[in-house]
Amino acid sequence: MHTAMVISPHADDAAAFCGGTLAKIAGQGWKVILVRVTNDSKDSVGLDVKETLLRNAEELKKAADVLGVSEIVELNYETDCLGDASKVDLRERFVYLFRKYRPYAVFSFDPYGLYENNLDHIVVARTVDEAFWVSCFDKHHPEHFEEGLEPFSVCERWYFARQLPEANHGEDITETMEKKIEALCSHREMMKNTLNQFRLQLKTWGRRVSWIEDSMEGNMRPLLALAMQAQGNAVGKQFELGEGRMGESFRLDRFGDLEEMFQGLSEPLPGAVEAPKRKCLDLPPHESPWSEEQLEQIFPVNIKDRLSLMGHHHLCVGAFDELLKDPGFQAVYANLVSRLDPAPDTEVESIYGYDLFCYQCEYWSEEEGRCVTGWKNKLSKDAAVLKHLGLETGQVTRLEDLQKRLAEKVSPDDLHRFCAAGEWKCEFYALGACQKAYSALREKFGCKSTSGT
Ligand SMILES: [Zn+2]
């Protein structure tokens, strides 16, 4: 079972911004922790502070019950004064709670949200965002570890705002909209105060809306329901959730720019709860452009005995020991790596034209039937490499003999010239695996690792 934590600067923020989503995941069995940062001591109309504190706390409990929240954590900061509070102290509270409850997902205001005029929201958004990485550091707040807590990183960060500049996720809350409305109505004193602000502004304008005034004194539900549904419908439309569907919008982030890389490289941890699928983040499962049948045709029956390689791919043979076990190389050349079995006696044939590596490579264009880095460029590299090695097209070399030749003839500078960034660049050079393999190769064959030719 996963845990979600919502950081609510004030009691009503959770219901208003993500109440439908919280009720939905609570219904799916998630444990939901609600953290109220301030005490809402000023948020009421016509009540004294003591009564305000009492009622807002009671009403939060009611709303939390409606949403299926399992626990409320009170941080008790003075309301509407976070602008003056120590951000580092507040951040420590969030770090502590992340380490204690270890939430899979955290819901919070977006520090990059637009049109935010509430400093409590802004301060909480910034400090929560910092706490996401601070909580991972083993030298931040080591006193937490004395309690048995450990460094921890929240996986999913669900940001909400009055207006999100880069919303990428609309959560369908059609089925829990009722709960969201009910939870919001539970915050009677706070909602009344919200309506009162409109009443006062309308008064300055010289007008009134009697529905607002009536709602303040009586049943607020019709007015709040109308507003929440209008908002939900707009999100439903924006994210094409379907006819009549309602949603809540978020900027949902997991690994930022590194999302694609981690999806490609990661594997399940034994015993871990399966991660929820996220349409806005998850890439479609990586599919080989080739069917199994085509692969059978592409790979020669004698691939274990003979490798046919274009000129410059002879250089890769010198790095096989490292490349074939490199996770990045395996990810790109999975089909090839599983079929290759290079042995000292494997024959390496120098061919003119594309080879098996090309068909598996990210640069291969199936539409154009060619390497998108340019054929001419590859030809010049092929010719230069073969000349450097003293080989010719059509020649067949024993793999071990070729490796010896590579160890003797390819210096670190040569490898750099052939493979590092530039017109002939190879993506794998930057990984460092080839440099390492060549250095081991030179040692194996007793070649000096001097620079130059
Ligand atoms: Zn608020």
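The values are calculated or read from the model by the stated rules, or taken from the named source; none is laboratory data. Given the structure is predicted, the values throughout are model-derived calculations rather than measurements. Positions of Cβ are backbone-derived with ideal geometry, glycine not excepted, and every protein chain shown enters the neighbour counts. Heavy atoms of the whole protein, side chains included, go into the accessibility calculation; ligands, DNA and RNA do not. Shrake-Rupley method; radii C 1.70, N 1.55, O 1.52, S 1.80 Å.
As a rough guide to protection, the peptides 141-148, 357-364, 228-235 ranked by mean Cβ packing within 10 Å, highest first, stand as 228-235, 357-364, 141-148. Nonpolar atom fraction for the chain, defined as the carbon and sulfur part of the 1.4 Å probe accessible area, stands at 51 percent. Assuming a strict under-17 Å limit between Cα atoms, what lysine pair count do you get for the range 292-444 once near-sequence pairs (fewer than 8 apart, same chain) are dropped? Going through the range 292-444 pair by pair, I get 14.
So, in nm, how far is label Thr373 from label Glu427 when the simple model puts each one 7 Å beyond its Cα toward the Cβ? With each label placed 7 Å out from Cα toward Cβ, I get 1.0 nm. Dipole orientation for the chain: of the candidates Val66, Leu223, Pro142, Leu223 has the Cα lying most toward the positive pole (charges on Cβ; Lys, Arg +1; Asp, Glu -1).
Each principal axis of the range 3-254 carries a Cα extent, and these read 58, 46, 30 Å when sorted largest first. Per-residue packing, averaged as other Cβ atoms within 10 Å, sorts the ranges 328-341, 35-48 into the order 35-48, 328-341, beginning with the highest. Proximity of backbone amide H atoms, modeled 1.01 Å from N, is registered between Leu307 and Glu347, Val348, Glu349 at under 5 Å, excluding neighbours fewer than 5 places apart on the same chain. The range 266-320 and the range 180-236 have their alpha-carbon centroids 57 Å apart. The loop-placed trypsin sites (Lys or Arg not before Pro) in the range 96-173, going by DSSP, that have at most 11 neighbouring Cβ atoms within 10 Å of their Cβ come out as Lys139. Each of Asn302 and Cys358 was given a label point 7 Å from its Cα along the Cα-to-Cβ line. The distance between the two points is 2.1 nm. Summed over qualifying helices (DSSP H, 4 residues or more, each -39500 (n - 2.57)) and divided by its residue number, the chain shows a 222 nm mean residue ellipticity of -13500 deg cm²/dmol. In vacuo Debye scattering of the chain, one point per C-alpha: log10 I(q)/I(0) at q = 0.06, 0.07, 0.12 Å⁻¹? Once normalised to I(0) and log-transformed, intensities are -0.44, -0.56, -0.98. By DSSP, the beta bridges lying fully in the chain are antiparallel in about 35 percent of cases. The modelled label-to-label distance for the pair Arg208/Asn168, using points 7 Å beyond Cα in the direction of Cβ, is 5.0 nm.
Among the GluC sites (Glu not before Pro) within the range 1-84, those in coil by DSSP and having at most 14 neighbouring Cβ atoms inside 10 Å are Glu78.
When the Cα centres of the range 116-177 and the range 396-430 are compared, how far apart do they sit, in Å? Using only Cα atoms, the two centres lie 47 Å from each other. Consider all pairwise Cα distances in the range 292-444 and report the whole-number % of them above 27 Å. Tail of P(r) above 27 Å: 14 percent of Cα pairs.
Compared with the alpha-carbon gap, the fully stretched path from Glu146 to Glu293 is longer by 47.1 nm at 0.36 nm per residue. Accessible surface computed residue by residue for the chain, with neighbouring protein chains in place and a 1.4 Å probe, gives 52 Å² per residue.
Loop-resident GluC sites (Glu not before Pro) (DSSP state other than H, G, I, E or B) in the range 156-188 with no more than 12 further Cβ atoms inside 10 Å of their Cβ: Glu166. Between Phe137 and Asp257, the C-beta separation translates, for a Förster distance of 22 Å, into a calculated FRET efficiency of about 0.55.
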